[in-house]
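Enquirer: Quick one: the structure is below, questions incoming.
Just so it is clear, none of the values below were taken in a lab; they were calculated from the coordinates. Computed from a predicted model, the values in this text were never measured in an experiment. Ideal geometry is used to build each Cβ from the backbone, glycine not excepted, and the neighbour counts take in all protein chains shown.
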Amino acid sequence: MRRNRVVVVGSTNMDLVASVPRPPAPGETVLGTAFTTTPGGKGANQAIAAAKAGADVVFVGAVGDDTFALDLRQALVDAEVDTENLREVPGPSGVAAITVDADGGNAIVVVPGANAQLTTLTDADLQAIADADVLLCQLEIPLDTVVAAARHAAAHDTVVMLNPSPVRPLPDALLAAVDVLVVNQTEAWQLGRDVLAAVPHVVTTLGADGVRYRTHQLLQSIPSPTVDAVDTTGAGDAFAGVLACEWGAEPLAALIFAGAAGALATTRRGASVSSPTRAEIDALVTAWP
């Protein structure tokens, strides 16, 4: 079975992850229990998740000219993501400072770095988008670039899937191009009903409670498999990437598959490294009653 051709236009960051017994209060210092550096960024995380699930993935993004850049690019290459459209720009790569508490919850501060310089799309970028089945975007890069990518995709019958994180007001030109909006509960509340109503397919992730899927004709709740979660970092990205891989004529089947991927991602620490393989997702879906 042919999997989707997915183009991800988005961010890549080095995640600086501190494990803590509990989140620090404002002005408080908390002793951590572990520290790791892991390639991440919502765009790269989603691209890797889609590729590991079987999609043919092209990543459009930017890294800096620092030492992090080599590891960020290699993480994509190792997942068999096409990096021909990953450009190098002067200055630092993006970074994310992340704390993960004993319950698996996380708090994240992102410094865009090179991602902020992704302000134009090349002819090669535009061609890749036009040739894709699905364009997947987030909001860790300049909004004008997301709008340009989405409008070009819509003009060439490429499905536009948007994960509007971090949340910001969405311009009408972007909303008009989006086919599938993937949000968590907080993002859904922040965007508001009018924005959600403007999109044909709205997928709201509910953590351990699963997923809510709405179209103009349907409202469906899909439960999540029960797993032993240790770190929720990257689970939403795994879900979005796998959903882009699977999206097509059977949205509910795609949502079940993506939900299993998101659940599996919580059983491992880290972001992109926590994305499961297709075989692992298949096994969980098959075993799930």
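Enquirer: Let me have the 222 nm mean residue ellipticity of the chain computed from DSSP H runs of 4+ only, each contributing -39500 (n - 2.57), with the sum over all residues rounded to the nearest 500. Don't skip to the end; give the middle numbers.
Expert: Numbers: 10 runs with 100 residues, N = 289.
It lands at -10000 deg cm²/dmol.
Enquirer: With an 8 Å Cα cut-off and a minimum separation of 6 or more residues, compute the relative contact order for region 1-41 in percent.
Expert: Numbers: 45 pairs, mean separation 19.2, N = 41.
Across region 1-41, relative contact order equals 47 percent.
Enquirer: How would region 1-151 be classified by its alpha-carbon gyration tensor: rounded, prolate or oblate, with rounded meaning a/c under 1.5 and the a/b versus b/c comparison settling the rest?
Expert: Details: a/c = 2.12, a/b = 1.74, b/c = 1.22.
Note, shape of region 1-151 comes out prolate.
Enquirer: For a footprinting-style exposure proxy, rank R212, R168 by other Cβ within 10 Å, fewest first. Numbers along the way, then the final one.
Expert: Values: R212 18, R168 11.
Least crowded to most crowded, the residues run R168, R212.
Enquirer: In the set (1) 0.94; (2) 0.98; (3) 1.08, which value of Rg/Rh (Cα atoms, Kirkwood Rh) was calculated from the structure you see?
Expert: (1)
Enquirer: Which peptide among 118-128, 140-150 comes first, and what is the full order, when sorted by highest mean count of other Cβ atoms within 10 Å?
Expert: Descending mean neighbour count gives 140-150, 118-128.
Enquirer: Compute the normalised compactness of region 201-283: alpha-carbon radius of gyration over 2.2 N^0.38 Å, N being the residue count.
Expert: On the way: Rg = 12.0 Å, N = 83, 2.2 N^0.38 = 11.8 Å.
So region 201-283 has a normalised radius of gyration of 1.02.
Enquirer: Considering only the chain, what is the antiparallel percent among its DSSP beta bridges, to the nearest 5?
Expert: Numbers: 21 of 52 bridges.
Close to 40 percent.
Enquirer: Ranked by Cβ crowding within 10 angstrom, fewest neighbours first, how are V242, V285, V17 ordered? Spell out each step's value before the answer.
Expert: Values: V242 31, V285 15, V17 24.
Ascending Cβ contact count within 10 Å gives the list V285, V17, V242.
Enquirer: Go through Y213, T38, V160 and say which Cα lies farthest out towards the positive end of the charge dipole of the chain; charges sit on Cβ, +1 for Lys and Arg, -1 for Asp and Glu.
Expert: Result: Y213.
Enquirer: Which three semi-axes in whole Å describe the equivalent ellipsoid of region 102-247, each the square root of 5 times a Cα gyration tensor eigenvalue, listed largest first? Could you put the intermediate results ahead of the total?
Expert: Values: eigenvalues 128, 74, 43 Å².
The equivalent ellipsoid of region 102-247 has semi-axes of 25, 19, 15 Å.
Enquirer: Treat every Asp and Glu Cβ in region 127-197 as -1 and every Lys and Arg Cβ as +1, leave all other atoms uncharged, and give the resulting dipole magnitude about the Cα centre to the nearest 20 debye.
Expert: Values: 3 positive and 9 negative charges, 39 e Å.
Value, rounded to 20: 180 debye.
Enquirer: For region 1-77, with only Lys/Arg (+1) and Asp/Glu (-1) charged at the beta-carbon, what is the dipole magnitude about the Cα centre, in debye rounded to 20?
Expert: Working: 7 positive and 6 negative charges, 103 e Å.
The dipole magnitude comes to about 500 debye.
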